[in-house]
Amino acid sequence: MAEQTVLPTDPTCLSCGREASEQFYQVRGVPVHQVKLVRSRADALACRTGDIGLRFCSGCGFVWNAAFDPALMQYQDDYESTQAVSPTFNRFHDRLAKELVDRFDLHGKTVVELGCGQGEFVAMLADLGDNRGYGFDQVIRQEGAAGNTTLIKDFYGPRYTHLRPDFVCCKMTLEHVHETAAFVGGIRATLGEQSDALVFFMIPEITRILDLRAFWDIYYEHCSYFSPGSLGRLFRHTGFDPVDVWTDYDDQYVLIAARPGAGTGPWLANEHGPETLAPKVRAFTREIAEDQARWRGWLADLHAAGKKTVLWGGGSKGVAFLTTLGISSEVEYAVDVNPRRSGTFVAGGGQQIVAPEFLRDHQPDVVIIMSPIYRDEIQTALADMGVHPERVVSVETPQLEAIA
């Protein structure tokens, strides 16, 4: 639950170094890991927790959790973050890989991915363009070479300068990095004088989160949040010249392509200044408590009426939704298509995570969809299983009708 007392946090922006920031949102005692596999309800309820104290830098537009403690993070064991079990996401992944290979002529090149997970994307880039692929991550389960891709359970840095990559990819990783300027600056230093190299990043986009007041997209692992403008400014500040900044996947993600330079290249049309985010930050602060109270009341009414409610999405969004609201018995189960999550439990909330097939017998009255981009995929799965809930509600466009 959000509290009124302000968390003591450092105002210094970790992206641009200024102290012109304000704390605008806080949640205490949330799980520090959302997608580590928790094997029992007792362990889920006793999980390690931390605080969120989001700050907004009026100098560059960066948003970050200034209460974040990197020492709490342990990604190595039982960390399950892959999205490659969803047909919808896989279609996006395939399209993105093909677009990058075609647009940036990645043929016969050396490509490196930082935070590669289990290497699905870097393998696609390698195979599509007959490239040499190298993936780096601490959560890799199986190291070594397979085909033209090599997975390395390590951090990419100066010891790997000999790879001289033509393309450096970093997807869904920078949001986990607290000292963002140091991280991106380290990549710039490793690339040295390779002015023809291209760097590509993809991360969640903060404008959408602010506009939707999407508190379910704010969780401890994600300590850094960017808009197109603040991301462009970070790369310029650390010695890159942005080539393009854009959004994709229903505007959930912001993507940037940049080359090593001096940070003095021409500004792009959508590198909007921090003043465009400031009113959105104020509106988020003003209205978020009412939004959360509405959700709590509606879920409590469903429970009191004897309705069976499940959440579709047992990953980060689902964990953040349940734990930020403090929901326990009001939602019985979280559904997830990832078979590795089936039978595990939601950190902090204690709900059991079940496979979609579980719903055939359970027959829920209400299904809450955590990622609306998967709505068609989910509704097709429900229909195919003969599951016909009274309500299917998307968190982004909720219609919280009174409960009869």
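The values are calculated or read from the model by the stated rules, or taken from the named source; none is laboratory data. Owing to the predicted nature of the structure, the values given are computational and were not obtained by experimental measurement. So basically every Cβ, Gly included, is an ideal-geometry build from the backbone, and we count neighbours across all protein chains shown.
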* **Options TYR219, TYR156; residue that is modelled with pLDDT under 95, among the aromatic types (Phe, Trp, Tyr) and touching a helix residue (DSSP H, G or I) at 6+ places or on another chain (Cβ under 6 Å)** => TYR219
* Is it true that VAL281 is buried (at least 17 other Cβ atoms within 10 Å of the Cβ), under 22 Å from ILE218 (Cβ atoms) and either among the basic types (Lys, Arg) or in contact with a helix residue (DSSP H, G or I) (Cβ under 8 Å, 6 or more places away or on another chain) (or both)? -> yes
* Is there a residue in the range 207-226 that is more than 22 Å from ARG18 (Cβ to Cβ) and among the hydroxyl-bearing types (Ser, Thr, Tyr)? -> yes
* To do: Quick one: count up the residues across the range 348-375 that are within 15 Å of ILE327 (Cβ to Cβ) and of a type in the set (D, E, K, R).
  => 0
* Can you tell which of ALA214, ALA182 is buried (at least 16 other Cβ atoms within 10 Å of the Cβ) and either closer than 22 Å to CYS60 by Cβ or modelled with pLDDT of 95 or more (or both)? -> ALA214
* **Given (1) over 25 Å from THR173 (Cα atoms); (2) outside any loop (DSSP other than H, G, I, E, B), number of the condition ALA320 does not satisfy** => (1)
* Asked: Out of the range 47-65, which residues are at pLDDT 95 or above and of a type in the set (A, V, I, L, M, F, W, C)?
  -> ILE52, LEU54, PHE56, CYS57, CYS60, PHE62, VAL63, TRP64
* Looking at TYR253, TYR220, TYR160, TYR225, which is the one that is surrounded by fewer than 21 Cβ atoms within 10 Å (Cβ to Cβ) and within 15 Å of the chain's Cα centre (by Cα)? -> TYR253
* To do: Can you run down the residue pairs with Cβ atoms below 8 Å, 6 or more apart or on separate chains, where the first is in the range 234-256 and without any contact (Cβ under 8 Å) to a residue 24 or more places away in the chain and the partner is part of a strand (DSSP E or B)?
  => none
* To do: Just give me the residues in the range 174-218 being charged (D, E, K, R) and assigned to a strand (DSSP E or B), in sequence order.
  => GLU205
* Among (1) in contact (Cβ under 8 Å) with a residue 40 or more places away in the chain; (2) out of contact with any strand residue (DSSP E or B) (no Cβ under 7 Å at 6 or more places or on another chain), where does VAL310 come up short? -> (2)
* One residue from PRO279, PRO266 being without any contact (Cβ under 8 Å) to a residue 24 or more places away in the chain and assigned to a helix (DSSP H, G or I) -> PRO279
* To do: Starting from the range 11-23, keep only residues that are touching a residue at least 60 places away in the same chain (Cβ under 8 Å), then list their pairs with residues that are charged (D, E, K, R) and assigned to a loop (DSSP other than H, G, I, E, B) whose Cβ atoms are within a distance under 8 Å, requiring at least 6 positions of separation or different chains.
  => LEU14/GLU179
* Structure fact -> Within the range 371-387, of all residues that are within 14 Å of GLY318 (Cβ to Cβ) and touching a strand residue (DSSP E or B) at 6+ places or on another chain (Cβ under 6 Å), the one modelled with the lowest pLDDT is PRO372
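Residues checked against (1) surrounded by 15 or more Cβ atoms within 10 Å (Cβ to Cβ); (2) in contact (Cβ under 8 Å) with a residue 60 or more places away in the chain; (3) outside any helix (DSSP H, G or I); (4) in the same structural domain as TYR156 (by TED's automatic domain parsing):
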{"position": "TYR25", "(1), (2), (3), (4)": "yes, yes, yes, no"}
{"position": "ARG39", "(1), (2), (3), (4)": "no, yes, yes, no"}
{"position": "PHE56", "(1), (2), (3), (4)": "yes, yes, yes, no"}
{"position": "ALA71", "(1), (2), (3), (4)": "no, no, no, no"}
{"position": "ARG95", "(1), (2), (3), (4)": "no, no, no, yes"}
{"position": "ASP102", "(1), (2), (3), (4)": "no, no, no, yes"}
* To do: Go over the candidates ALA347, ALA381 one by one and state the one that is of a type in the set (A, V, I, L, M, F, W, C), over 20 Å from TRP216 (Cβ atoms), touching a helix residue (DSSP H, G or I) at 6+ places or on another chain (Cβ under 7 Å) and surrounded by 15 or more Cβ atoms within 10 Å (Cβ to Cβ).
  => ALA381
* With the condition kept exactly as written, say whether any residue in the range 135-147 is touching a Leu at 6+ places or on another chain (Cβ under 9 Å), surrounded by fewer than 16 Cβ atoms within 10 Å (Cβ to Cβ), assigned to a strand (DSSP E or B) and of a type in the set (A, V, I, L, M, F, W, C). => yes
